Amino acid sequence: LPGQLWRRATPLTTLSQVAGSYDYVIVGGGTSGLTVADRLTEDSTKTVLVVEYGEIVDNDTSLIMPSKGNPFPSQYMYNITSVPQANLSDRTASVPASNIVGGGSAINAMFFDRGAAADYDAWAALGNDGWGWSDLLPYFKKAVNFTPPSEHMQEEFDVTYNLSAYEGHGPIKLSYPPFQWPGVKIEWDAFADMNLTVSKEGADGDAVGRFWVPSSQDPIMQTRSDARLGYYERVKSRPNYHLLTLHKAVKINFANLTASGVTIQSRNGTTFTKTVKARKEVILAAGAIHTPQLLQLSGVGPASVLSALGIASVVDLEGVGQNFQDHPFFFMQYNFTSNVYPYPELLSENETYAVTAYAEYLANRTGPYSVGVGNTAAFVPLRNLTADYQTITSTLSTQDVSTYVDPSTPSSVLLGYAAQKEILVDRYQNTDSAVMEFPFSASTGPVFAFLKPLSRGTVNIASTNAFAEPAVDFRTLSNPVDLDVMIKILRYVREYFSTPTMTQLGPVELLPGSDVSTDEAITAMFRSTLVQSSFFHPCCTASMMPRQKGGVVGTDLLVYGVQKLSVVDASIMPLIPGTHLCETVYAVAEKAADMIKARL
Ligand SMILES: Cc1cc2nc3c(=O)[nH]c(=O)nc-3n(C[C@H](O)[C@H](O)[C@H](O)COP(=O)(O)OP(=O)(O)OC[C@H]3O[C@@H](n4cnc5c(N)ncnc54)[C@H](O)[C@@H]3O)c2cc1C
């Protein structure tokens, strides 16, 4: 190893500190990038450089306190706005992508769940042997270290769990905060009126019904546990590990179709660049927006996108930046005329209450400030959501997917969409996975996510400047089935809020308001205001699928058509699972690291 350069426990911040070559160069020091870097540097004979656009932030309470993360801290996020959404009255959406060491795990809402087994078995069914639920389960376990809820929380709130879902002693701490709002008990019980089953443990593959979800939270300090603390701080003194912050990888370089390294530039505006060689592999972990951007900038992507900008094609890979998915959601607003005390809005309405609660958190790590977005959710399959599930399913099964996609969608990508549609038809008919999520925490402003959308968007570069953001088009509600199901979700919600149990809270619907009752009126409100494009889960833009179905990477996570280039982040998901994505990203990255280590 080249002398002094390798003895650094603090991150590098200038290009002159960076060596000329490493075994592995990882682009992105976020959730997946730090996970893979930790595992690869376990082998002291292998050198790793992680290049990260953001910086290390470790003294900001808005990041570490569970309750302080809302709204999400824009100073640690890229400023990206989608193109106008044609089916949302041309509204634009902000595109959630973080730039900080730790990535999404450092700023997210810490709601830490896994999808249903069927959601991952769908990945395997799309041509990805070795990527079903049972293949991923050991990696879900490997990433986490679970602390069961206290006896008090178990007795008071009936928090249930199953230790066999966790087992591991991984770097990410999971726990239940020592506080929940009392209204949660009523919300929980009201689902019995809707005959929604209880799952003892959602992380066991049974993420259907209502269940408790841990937070990525330190059980003693009641602070965030993220990729930086879990996967980086613990191992940063390894002499074979370099993290370069405040820099951007602007290009992947190729020699004879083999990735040879990356070109890096400071984000401070200087035009000076440095090219670093990767002896074994370049690994992309830049997230679902920037991984396809970097591939396209480097000549790997749909020929039409590249040629329009005069970029020389390295490989015409049609799927790069296509198949873009997220969970659309809508919000509602209620007034609870007989609310139970205390309730979450007190923190913003009543200064004395907030000050006392803050002091309690600082002194004891208990009370309202120890809980973030809450730890309960209902995950409802289509069959349980609406008696019309068969009509919706048969509409979908006879649908020609090409009708609703961007007209320029390449034919291979269309084949992939058709294969996904067949799987979703199956999921819609069965009760083994959910189409709707309602994370409930006694709030009068609840949100409802649609977990199995058909609409597919795009992330395509619009400039050859690596510092210009790509054009992001969610194409929310472009497939009419999505609108149909979201209307059913709203009707289900109204039924739920009218159950005898919920009426204890005296809920009065303010938004959209009970007078908005026909499908047409609901649609109009959805389009003009209520539906949002992103539940903070962008994914699937460099998907793992056969190349002839628009895939970008194979089951080995290597990019088709070139050598020594892999993707390990949220982009590789072929089909968005019915869950918040962070835990799945960790599991994918843990599995990726094992596969990369095993390559000769
Ligand atoms: C606001 C928000 C809230 C969320 N809430 C939850 C939640 O409560 N629960 C949950 O499970 N999931 C949640 N998620 C989703 C989850 O956090 C993400 O899916 C996950 O962190 C993505 O991991 P990743 O490795 O794919 O990308 P990231 O973690 O985003 O990492 C990508 C990193 O690459 C860097 N980068 C990008 N391009 C370059 C480049 N060219 N050069 C150098 N560096 C680059 C970025 O700065 C970033 O740090 C949330 C996400 C967001 C944004």
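A few points about this structure:
- Residue 586 vs. criteria within 16 Å of the ligand (Cβ to nearest atom), more than 20 Å from residue 323 (Cβ to Cβ) and among the hydroxyl-bearing types (Ser, Thr, Tyr): yes
- Yes/no for residue 111 being touching a strand residue (DSSP E or B) at 6+ places or on another chain (Cβ under 8 Å), within 30 Å of residue 148 (Cβ to Cβ), within 10 Å of the ligand (Cβ to nearest atom) and not polar (S, T, N, Q): yes
- Scope the range 231-256; condition among the polar types (S, T, N, Q) and within 16 Å of the ligand (Cβ to nearest atom); matching residues: 245, 253
- When the test is whether a residue is more than 18 Å from residue 543 (Cα to Cα), touching a helix residue (DSSP H, G or I) at 6+ places or on another chain (Cβ under 9 Å) and surrounded by fewer than 23 Cβ atoms within 10 Å (Cβ to Cβ), residue 254 does not pass it.
- Considering residues of the range 344-375 that are among the polar types (S, T, N, Q) and either surrounded by 23 or more Cβ atoms within 10 Å (Cβ to Cβ) or assigned to a helix (DSSP H, G or I) (or both) only, the residue nearest to the ligand (Cβ to nearest atom): 375
Per-residue answers, yes or no, for (1) surrounded by fewer than 24 Cβ atoms within 10 Å (Cβ to Cβ); (2) in a loop (DSSP other than H, G, I, E, B):
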| site | (1), (2) |
| --- | --- |
| 304 | yes, no |
| 307 | yes, no |
| 320 | no, yes |
| 335 | yes, no |
| 339 | yes, yes |
| 342 | yes, yes |
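- Pair list, Cβ under 7 Å, 6 or more apart: the range 173-196 residue under 14 Å from residue 376 (Cα atoms), other residue among the basic types (Lys, Arg): 188/210; 191/210; 196/210
- Of the helices (runs of 4 or more DSSP H) lying entirely inside the range 49-126, the ones with 1 or more residues being in contact (Cβ under 8 Å) with a residue 60 or more places away in the chain and surrounded by fewer than 24 Cβ atoms within 10 Å (Cβ to Cβ) are found at 61-64, 117-125.
- Boolean, residue 25 is more than 7 Å from the ligand (Cβ to nearest atom), surrounded by 24 or more Cβ atoms within 10 Å (Cβ to Cβ) and assigned to a strand (DSSP E or B): yes
- Residues (out of contact with any His (no Cβ under 7 Å at 6 or more places or on another chain) and within 30 Å of residue 298 (Cβ to Cβ)) located in the range 317-372: 317, 318, 319, 320, 321, 322, 323, 324, 325
- You will find that of 435, 413, the residue that is closer than 30 Å to residue 186 by Cα, out of contact with any Cys (no Cβ under 7 Å at 6 or more places or on another chain), of a type in the set (Val, Ile, Thr) and surrounded by 19 or more Cβ atoms within 10 Å (Cβ to Cβ) is 435 and no other.
- Residue within the range 436-447 that is in contact with a Phe, Trp or Tyr (Cβ under 9 Å, 6 or more places away or on another chain), hydroxyl-bearing (Ser, Thr, Tyr) and not in a loop (DSSP other than H, G, I, E, B) present: no
- Selection of the range 558-580 for residues being away from the ligand (no atom under 13 Å from the Cβ) and free of Cβ contacts under 8 Å to residues at least 40 places away in the same chain yields only 558.
- Qualifying residues in the range 387-407 (those that are part of a loop (DSSP other than H, G, I, E, B) and within 27 Å of the chain's Cα centre (by Cα)) - the one surrounded by the fewest Cβ atoms within 10 Å (Cβ to Cβ): 406
- Selection count, the range 40-63, where residues are among the hydrophobic types (A, V, I, L, M, F, W, C) and away from the ligand (no atom under 12 Å from the Cβ): 2
- Matching residues, the range 461-482, being surrounded by 20 or more Cβ atoms within 10 Å (Cβ to Cβ) and either without any contact (Cβ under 8 Å) to a residue 60 or more places away in the chain or on the phi > 0 side of the Ramachandran plot (or both): 475, 477
- Under the condition of being in contact with a helix residue (DSSP H, G or I) (Cβ under 7 Å, 6 or more places away or on another chain), closer than 22 Å to residue 445 by Cα and of a type in the set (Phe, Trp, Tyr), the residues counted in the range 340-372 number 3.
- Restricting the range 90-103 to residues that are within 20 Å of residue 447 (Cα to Cα) and among the polar types (S, T, N, Q), the residue that is farthest from the ligand (Cβ to nearest atom): 92
- Strands (runs of 3 or more DSSP E) completely within the range 215-272 that count 1 or more residues being within 16 Å of residue 103 (Cα to Cα): 241-244, 247-255
- Residue within the range 149-159 that is among the β-branched types (Val, Ile, Thr), part of a loop (DSSP other than H, G, I, E, B) and free of Cβ contacts under 8 Å to residues at least 12 places away in the same chain present: no
- Residue within the range 7-15 that is modelled with pLDDT under 95, crowded, with 18+ Cβ neighbours inside 10 Å, within 16 Å of the ligand (Cβ to nearest atom) and assigned to a loop (DSSP other than H, G, I, E, B) present: yes
- Of the residues in the range 64-77, at least one is within 11 Å of the ligand (Cβ to nearest atom) and modelled with pLDDT of 95 or more.
- Against the numbered list (1) among the polar types (S, T, N, Q); (2) within 16 Å of the ligand (Cβ to nearest atom); (3) surrounded by fewer than 18 Cβ atoms within 10 Å (Cβ to Cβ), residue 215 comes up short only at (3).
- Of the listed requirements (1) within 16 Å of the ligand (Cβ to nearest atom); (2) in a strand (DSSP E or B), residue 535 misses just one: (2).
- Checklist (1) under 22 Å from residue 229 (Cα atoms); (2) within 15 Å of the ligand (Cβ to nearest atom) applied to residue 167, failing item: (2)
- Among the residues of the range 257-291, those identified as of a type in the set (S, T, N, Q) and either modelled with pLDDT of 95 or more or within 9 Å of the ligand (Cβ to nearest atom) (or both) are 258, 260, 263, 265, 266, 273, 275, 291.
- Of the criteria (1) without any contact (Cβ under 8 Å) to a residue 24 or more places away in the chain; (2) of a type in the set (Asp, Glu); (3) under 19 Å from residue 590 (Cβ atoms), which one residue 43 fails: (1)
The values are calculated or read from the model by the stated rules, or taken from the named source; none is laboratory data. This structure is a prediction, so every number in the text was calculated from the model and none was measured. Here Cβ is always computed from backbone atoms with ideal geometry, including for glycine, and neighbour counts include all displayed protein chains.
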